[in-house]
Amino acid sequence: MQKRISFFVIFMLIGVVFAFSLPLEFEIFLVDTISYFQMHPHIALANRDTLFLTWTDFFASERRVFCAKSVNGGFNFLPPVEPDPANPMKAFSSVAVYGANNPCLVWSDYRFGDINIRFAKSNNEGMSFLPSIQVTADSLLDLMPQVNVSRNGQLVVVAWTTFYDTASIDSVKLFISRSLDGGSSFSSPLHIGGASQIQQFDFSLDMSRDGDTVAVVWEDASTGQRIMFAVSFDSGASYAPPTIVDPDPAGHSQPSLVLFADSVYVAYTDNRNGNPDIRLAKARISNAPGFTNAVIDSEPHLQDQPSLFIDKDGNTYISYRSEELLLKDATFLTILRKGNPVPYKDYIGVYGARNSESSIAAWDTTRISCAWEYSPDSLTRITVFARSVPAAAPGPPQNLLANGGNPSPWDTLVDFRITFMKPYDPSEIALILFKLGSPPTHNFDTTKTVQDTFSSDSVFFMVRDTVEGSDPLFVWLMDGRGYVDFNNNSSVLLRMDRTPPTPTVLLLPDSNSVVPNRRPFFQWRASIDSGGAGMLTYIVALDTIPGFDTTTQFYSTGLDTQMTLPDTLWDDEYFWSAIPIDSAGNWQFLIPIWNFHVRATPPPVPFSPPNNGWVARNFLLMWHTIPDPFAYVEKYFFDIATDSLFSTIVIRDSTASPQDTVVPVNNWTVGDAYWRVRARNLYGISTKWSPRMFFQYDTIPPPSPVLLSPVDGFITNNPRPLFYWNSVIDTMSGLDRYGMGVFSNPALTDTVFIDATPDTFTTPGSDLPDDSLYWVVLAGDNAGNISDAADTFLLVIDTQPPQINTVIPSDGQVGVSVSTNIIVTFSEMMDTSTFYDSTFIVIDNFLYRYYGTFQFNASFDQLTFDPDENFYGGRNILVTIKRDVTDLAGNLMISDYTWQFIIESVDDSLGPVLSNISFSPDTLEMILTATVSDTGRGNSMIAGAEYFIDSIAQDSSGMMCRAVDDTFDYVTEDVIDTVQTGSIPYLSNHWLYIHGLDAEGNWGPFDSLQFWIRDTLPPQIVIDNPLEHSHHFLGRNITISITANKAVTIDTCYIIGSDNNVMAIDLERDSLDTDSTQFSTTTIFSGLESGNAMLSVQVRDRSGKTGSDSVSIFVDAEDEFLPKKSIYSWPNPASDEVHFRFYVNRNARITIDIFTITGRRIATLTDDAARGGARASEIVWRTDNVGSDLYIFRLTASALQGREEKSIIKRFAIVK
């Protein structure tokens, strides 16, 4: 939709283009070439390069609003964007910019008959618009809207005129609406100027960038076509009363308003001189209505439709329509430059056509944009856009370079290639003018035509400068009109130097010096460059010959006058120098050359024999190789002498290669001596001698070590045994270490393990093999003498578990003899100490365990188990050998070994026999024990035993014995029973008959035992009455009764009172039968004091043995309600619980309060119905929640009948 129109094209289509010979020219082009009826253009400037242009496009019956964006100052435009494209009826648009180059638009909406105002904004810098928002919704005609927006985009102000009567112009009002949310919603319209303002036509709106100040001007027809001004200082919420801009009574119209800094500017059409003129009024915005005005264009032609703009620098621009040229409407531009009283005026329209309704904007006086309606005929209206272009002479060359730089690189050449960037239109450049040195105007060395100098992307030409140093070259450009701006040129500095710098003065390494390292340090004095280029670098040249050639190494150091060589040198003679080079490339070859010697290879380091070491008859000279890879050793030389000055050399020799660092010395007999070594490299240069080493002579070997452990013939399952031996002492050179070896043959030729250690013990680092091994230990001294082996010990390593090869009887064998032995053959010799009852178990299917003895053969690999008794016939025998048995090396079996066999069956018709019968005839309860065995009589398990007293009855009718272990499960059993003899007469002879029963039902023969019963136990009695702790009163009857466990007589019966007085009591037998065990009597209680008393009874049986019993009672002298002496606690001290004992003579309610020693009550116990009478009562208290301490209790008794009440206080202790 965009097309640029050149001057020539416009001339051919619609006439000629006028351009005055002024500093400004305008390029004019069409933004929209699709439609040919475009109206009402409006420009909004965002920044120097970005601007937006909006207009109304008429397509047949449609009216559409477009907005185009330019990002290069109006040079061209991006494709226009239509807001609200679904609406085909919109016109009279206005544009404003907010934020980061985002436009917003308002327009009149014609869709629904009425004409309303709509608003839309972009949030992507004009590439598209958000959906539009309706600003007005009345049923009137709202036209010609204008919009302004704050910098942050939040405040949007829209102004428009509303026609109330389309048939006349008497009802035209100016309204303003604002949005505080960036255009999302708008306030109700506000009529500007008051009720009297009813003929408000052309208007103009502006606001400060922060939105605080909003101003509007309009043409008021009701006051005689005056320009009115109203301002708001609260972001458009309210407006001050309107003021008149120009009080002259002549008609004023078509105002254009701009707020700039603290002032308001209004351009308008003035009719006071007969012909309309353009005037500009100005006032301080805070001092309105103090406007001053002046005519802008005094030409006597019709002038109207002004558009006002003020740029960032304060320059004022007014575009307007004028009939100055051939009475046609033309667009003129007047610029009032800030600080320049002379206005600039130019014609920017198209001759011979109607130009009207312009919109002006400018960044500065060189970047001006203008749009207007262009009408070549009555049927065509086109929006034309013009941008200013300079009309002055060509500017200076851009990016002017000499040999690619400015200033040019230093060089020794006199010819320089001059280049600058290719102009946009080469035809506008005719000549290139240049001058070496400071140029007088119009005095040039030479010129170049443009046609001779263009390449594909730049202009170039050659310039020769033969003078050393730096010379400026000035370049001007001339256009085809011959215009040259002599005050506007470009320059480049040409630099040329052909003089080399002065020679260097060498410092280090000094001539003919020796350098002890392979990376020498070089130093020299700085050179001086008099040609002007300055020093560029120094080159260090290094070689092994005096004359440098292709083998020479060169090292650049920049401007440094010292260097540590980055490479590594070997020992040799070297030659060096430092060559200076300046920035122009001049080398100084008149340089000194010095030599030096590298001697960096260290001497070899000898280590054996060490200094003050010992040697024997045969020894080795050993030294370390030189680790320096640049030593290039050819061979080593060594000396052995008898003196430290090496004046008496015994041996002087050398090695065949640099790898030979060990030299044998045999049959040495000289004695103590000194030795040294040095190296020689491939270039014949030798190192220094190593430090001399002194050694001593010793030919006597140390004593032989005595082997200690493992002992000779030891068998072990440890594959890494600890070997140790005794230490030895070498009195000459001293003991160095022990050599220990393990071999697989007695000849000691097949090595299994070997170690050299200063200790008297060692352990192999890996497992020794299972085998018969032989080990020895030798001792070596510091001279290299080795002792003989004192002993060779045998060691057997066995790590394999033993196995069972054969068993007799075999597994599963049937019909085995009852007298058989068990024989087991092992894979190797076994440790007999590991075979015992818990590792060799023989048991039958009745769980009968067989014990016996163990015997091994001479080789300890066969075991014979001889049972202590024959096996029981017909039984399954299970034999288990536990894995805990070991071989002689201590290896366990892999697992338990188990097998079984069956014993032959044996007939059993005989019963068991008894032995070991014992009886205790002196007690009332006698213990009978005996042993019942069926061994040899059928070998059946014992099933039981019975016995009879004095006479034998039928089998199985006697008294049965039980097994001592409570189970009859063996052939031999011990039995036991308790014989009750209470019904058997005492002091008489009796017979006991006993026999046993086997599991086959066979009763064995009786065995008998005579016994005598004698009473050996003392009698036992129990006092039945009175009861323990009962209460009794003096003068009353007391009943006493006892029971004995056998016939007894009464020895004594008495009561001891608290005063130790005794009351004797006669007890009578309850029956005339002398064997009776019951005694009782009733007697008067007398002769004692109140308090605790003890009743004691002693009896005697027929054999004279005695028995006794006693009970504690309480004696009371009189019948008190709550005797104090009857109240106590027990035990005292108590632990877990306390018993509170008391006596009342009649029923009462008991309360016991318990206190700490400080008087704090901690518990209360009650008995609501304690019974009174002869027996005391108790209340028990648990002491779980209290600790050890002294406590107090208060016992209170309240009679249930009557009003008697009494309290007693006592103490008790708790100890936990």
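The values are calculated or read from the model by the stated rules, or taken from the named source; none is laboratory data. Predicted, not measured: the structure shown is a model, and the values here were computed from it. A quick note on method: Cβ atoms are made from the backbone with ideal geometry, for glycine too, and the neighbour counts reach across all protein chains shown.
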Open item on the list: Among the residues of segment 892-905, are any buried (at least 18 other Cβ atoms within 10 Å of the Cβ), in a loop (DSSP other than H, G, I, E, B), under 60 Å from the mean Cα position of the chain (by Cα) and not β-branched (V, I, T)?
Closed with: yes
Open item on the list: So if I check each of T292, T316, which one is among the β-branched types (V, I, T), touching a Leu at 6+ places or on another chain (Cβ under 7 Å) and modelled with pLDDT of 85 or more?
Closed with: T316
Task: Residue among E82, E62 that alone is at pLDDT below 90 and either touching an Asp or Glu at 6+ places or on another chain (Cβ under 9 Å) or closer than 16 Å to I34 by Cβ (or both) - done: E62
Open item on the list: Please go through segment 662-707 and give me each residue that is of a type in the set (S, T, Y), in contact with a Ser or Thr (Cβ under 6 Å, 6 or more places away or on another chain) and more than 24 Å from N517 (Cα to Cα), ordered by number.
Closed with: Y674, S704
TODO: Just one of (1) surrounded by fewer than 16 Cβ atoms within 10 Å (Cβ to Cβ); (2) out of contact with any Gly (no Cβ under 6 Å at 6 or more places or on another chain); (3) at pLDDT 90 or above; (4) not assigned by TED's automatic domain parsing to the domain that holds D712 trips up F846, so point out which.
DONE: (3)
Open item on the list: Against the condition assigned to a strand (DSSP E or B) and within 20 Å of A1213 (Cβ to Cβ), how does S1129 come out, does it pass?
Closed with: yes
Task: Subset tally (residues that are buried (at least 17 other Cβ atoms within 10 Å of the Cβ) and on the phi < 0 side of the Ramachandran plot) for segment 52-75 - done: 15
Open item on the list: Looking only at residues that are more than 60 Å from the chain's Cα centre (by Cα) and hydrophobic (A, V, I, L, M, F, W, C) in segment 597-619, which one is farthest from D411 (Cα to Cα)?
Closed with: A616
TODO: Inspect all residues belonging to segment 147-160 and state whether any of them is in contact with a helix residue (DSSP H, G or I) (Cβ under 8 Å, 6 or more places away or on another chain) and among the hydrophobic types (A, V, I, L, M, F, W, C).
DONE: no
Open item on the list: Go through segment 991-1041 and report how many residues are closer than 30 Å to A1176 by Cα and either touching a residue at least 60 places away in the same chain (Cβ under 8 Å) or not small (G, A, S) (or both).
Closed with: 20
- [ ] Determine which member of the set S1135, S1108, S1112 is surrounded by fewer than 14 Cβ atoms within 10 Å (Cβ to Cβ), under 21 Å from L1027 (Cα atoms) and at pLDDT 85 or above.
- [x] S1112
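Yes/no per residue for (1) in contact with a strand residue (DSSP E or B) (Cβ under 6 Å, 6 or more places away or on another chain); (2) crowded, with 22+ Cβ neighbours inside 10 Å:
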{"position": "Q199", "(1), (2)": "yes, no"}
{"position": "S204", "(1), (2)": "yes, yes"}
{"position": "R209", "(1), (2)": "no, no"}
{"position": "V214", "(1), (2)": "yes, yes"}
{"position": "D220", "(1), (2)": "yes, yes"}
{"position": "T223", "(1), (2)": "no, no"}
{"position": "M228", "(1), (2)": "yes, yes"}
{"position": "D234", "(1), (2)": "no, no"}
- [ ] Would you mind finding the one in P566, P610 that is in contact with a strand residue (DSSP E or B) (Cβ under 9 Å, 6 or more places away or on another chain) and assigned by TED's automatic domain parsing to the domain that holds E634?
- [x] P610
Open item on the list: Being more than 30 Å from I942 (Cα to Cα), part of a loop (DSSP other than H, G, I, E, B) and among the hydrophobic types (A, V, I, L, M, F, W, C) is the filter here; which residues of segment 1000-1056 pass it?
Closed with: I1013, L1017, L1027, L1034, A1047
Open item on the list: Kindly evaluate D750 against the criterion of being more than 26 Å from S608 (Cβ to Cβ) and more than 53 Å from the chain's Cα centre (by Cα).
Closed with: yes
Task: Count of segment 384-415 residues which are of a type outside the set (A, V, I, L, M), crowded, with 19+ Cβ neighbours inside 10 Å and either at pLDDT below 85 or in contact with a Cys (Cβ under 9 Å, 6 or more places away or on another chain) (or both) - done: 5
- [ ] Could you check how many residues of segment 917-936 are farther than 15 Å from P1005 by Cα and either in a loop (DSSP other than H, G, I, E, B) or modelled with pLDDT of 85 or more (or both)?
- [x] 10
Task: Meets criteria (buried (at least 20 other Cβ atoms within 10 Å of the Cβ), of a type in the set (A, V, I, L, M, F, W, C), closer than 30 Å to V147 by Cα and at pLDDT below 90) for V31 - done: yes
Open item on the list: Checking the conditions here, which among W570, W576 is more than 30 Å from T642 (Cα to Cα), touching a residue at least 12 places away in the same chain (Cβ under 8 Å), within 60 Å of the chain's Cα centre (by Cα) and not in a loop (DSSP other than H, G, I, E, B)?
Closed with: W576
- [ ] Take segment 276-312 and flag every residue that is in a loop (DSSP other than H, G, I, E, B) and either within 17 Å of S356 (Cβ to Cβ) or of a type in the set (F, W, Y) (or both).
- [x] P276, F291, D297, H301, L302
Task: Index of the failed condition, G1172 passing every other in (1) surrounded by 13 or more Cβ atoms within 10 Å (Cβ to Cβ); (2) assigned to a strand (DSSP E or B) - done: (2)
- [ ] Tell me the strands (runs of 3 or more DSSP E) entirely within segment 695-782 that contain at least 2 residues that are surrounded by 17 or more Cβ atoms within 10 Å (Cβ to Cβ).
- [x] 714-716, 723-725, 735-743, 751-757, 771-781
TODO: Output the residues belonging to segment 357-373 that are farther than 14 Å from V384 by Cα and either in contact with a Cys (Cβ under 7 Å, 6 or more places away or on another chain) or not in a strand (DSSP E or B) (or both).
DONE: T365, T366
Open item on the list: Looking at segment 954-961, can you tell me whether even one residue there is touching a residue at least 24 places away in the same chain (Cβ under 8 Å) and either outside any loop (DSSP other than H, G, I, E, B) or of a type in the set (A, V, I, L, M) (or both)?
Closed with: yes
